[in-house]
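Note sheet for the following structure.
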Amino acid sequence: MKGETVAERVRGGGRWPTRSGMEHLERCAWVLRGTLVRSAVRRYLPWALAASMLAGSLLKELSPLPESYLSNKRNVLNVYFVKVAWGWTFCLLLPFIALTNYHLTGKAGLVLRRLSTLLVGTAIWYVCTAIFSNIEHYTGSCYQSPTLEGERKEHQSKQQCHGEGGFWHGFDISGHSFLLTFCALMIVEEMAVLHGLKTDRSHCLHSAITTLVVALGFLTFIWVWMFLCTAIYFHNLSQKVCGTLFGLLGWYGTYGSWYLKSFSPGLPPQSSSLNLKQDTYKK
């Protein structure tokens, strides 16, 4: 009611809209935790991504799907999410790792060490995209049309070629396949910390972590969905195979190998022992 005080509203059993919204977030987080935090997901997601990339690529070659909104590079998910996929992943994982790891360990030094995984991920992203760009440059040529007619030998770079209205054609490794693979696997690995995490529902930390879990969960589904769209609509098979392999190598080289060693950022802290995590990769 209009003149109702806060105390009267509470006594009368009224619910705050924010509380109702928090309950919806908690339900959503519960579903996402049950889906993405399972050890089976971390074990089989890499294989699922590789298989879906091959299946989507074969579909593109043998029986192409009709053009759709998602086949347009200007679609909302591609422009505002995939194009800046590492930025989204970095910005959401930063507070998630900081809050969850500190809550479990209470050690600022360990939190900083774990946050260095984001610096490692940034280095992998930067180096791989630079490699892709150089490969496309050194294997490419400039043409007058998309059908590769009328080679323009006077244009020696992609930027110069596009600036003069030409079309550069080289071996264009799929950056989307690489980055979406790497980001999805990294998020799933970091969310494993939720196995041993328990928070007081009345504490603001609970609300912050719940919100981040939902955001990261939906982001993971967007990355997987757009990975499938890339497999079905864009690039050729060899370009997507190379991109996906770079993503898988980036993930396995860190979480599957280096982070298991003492001189590394380490794996997310869990209630289970490190040996259990190591066994997961050996199976």
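The values are calculated or read from the model by the stated rules, or taken from the named source; none is laboratory data. For clarity, every value in this text was computed on a predicted model and none was experimentally measured. Heads up, the Cβs are rebuilt from the backbone with ideal geometry, glycines too, and the neighbour counts pull from every protein chain shown. Areas reflect the complete protein model, heavy atoms only, side chains present, ligands, DNA and RNA absent. Shrake-Rupley method; radii C 1.70, N 1.55, O 1.52, S 1.80 Å.
Seen through its C-alpha gyration tensor, with square-root eigenvalues sorted a ≥ b ≥ c, the stretch 39-128 comes out prolate because a/c lies at 1.5 or above while a/b is bigger than b/c.
Please find, in a Gaussian network model of the chain (springs between Cα atoms separated by less than 10 Å), the residue of 147, 254, 122 whose mean-square fluctuation is greatest. Between 147, 254, 122, it is 147 that shows the largest mean-square fluctuation.
Set against the labelled values [x] 6, 22, 23, 17, 13, 10, 6, 2, 0, 0; [y] 6, 24, 29, 20, 12, 7, 2, 1; [z] 6, 28, 37, 23, 5, 0, P(r) over Cα pairs in 10 Å bins from 0, in percent computed from this structure falls on [y]. By definition, a body whose alpha carbon gyration tensor gives a ≥ b ≥ c is oblate when a/c is 1.5 or more and a/b is not larger than b/c, and the stretch 17-79 fits this oblate description. Here the Gaussian network model covers the chain, with springs between Cα atoms less than 10 Å apart; of 87, 256, 175, 87 fluctuates the most. Membrane-span-like helices in the chain, defined here as complete DSSP H runs extending at least 24 Å along the helix axis by their C-alpha atoms with mean Kyte-Doolittle hydropathy no lower than 1.6, are 204-233; this is a sequence and geometry rule, not a statement about a membrane. Modelled spin-label separation between residue 22 and residue 40, with each label point placed 7 Å from Cα along the Cα-to-Cβ direction: 3.3 nm. Sort the stretch 177-228 into rounded, prolate or oblate with this rule: let a ≥ b ≥ c be the square roots of the eigenvalues of the Cα gyration tensor; rounded if a/c is under 1.5, and if a/c is not under 1.5, prolate when a/b is larger than b/c, oblate otherwise. Judged from the Cα gyration tensor, the stretch 177-228 comes out prolate (a/c at least 1.5, a/b above b/c). Excluding ligands, DNA and RNA, the accessible surface per residue across the stretch 27-92 is 63 Å² with a 1.4 Å probe.
Cβ screening of the chain for cysteine pairs under 4.7 Å finds these without a partner: 28, 91, 128, 183, 204, 229, 242. On the chain, 64 percent of the accessible area sits on carbon and sulfur atoms, based on a 1.4 Å probe. A 1.4 Å probe run over the stretch 101-170, with the rest of the protein chains in place, finds 62 Å² accessible per residue. Looking at the stretch 195-241, the accessible area is 45 square angstrom per residue; that uses a 1.4 Å probe and ignores ligands, DNA and RNA.
The H on the amide N of residue 168, modeled in the peptide plane, is under 5 Å from the matching H of 143, each at least 5 residues off or on a different chain.
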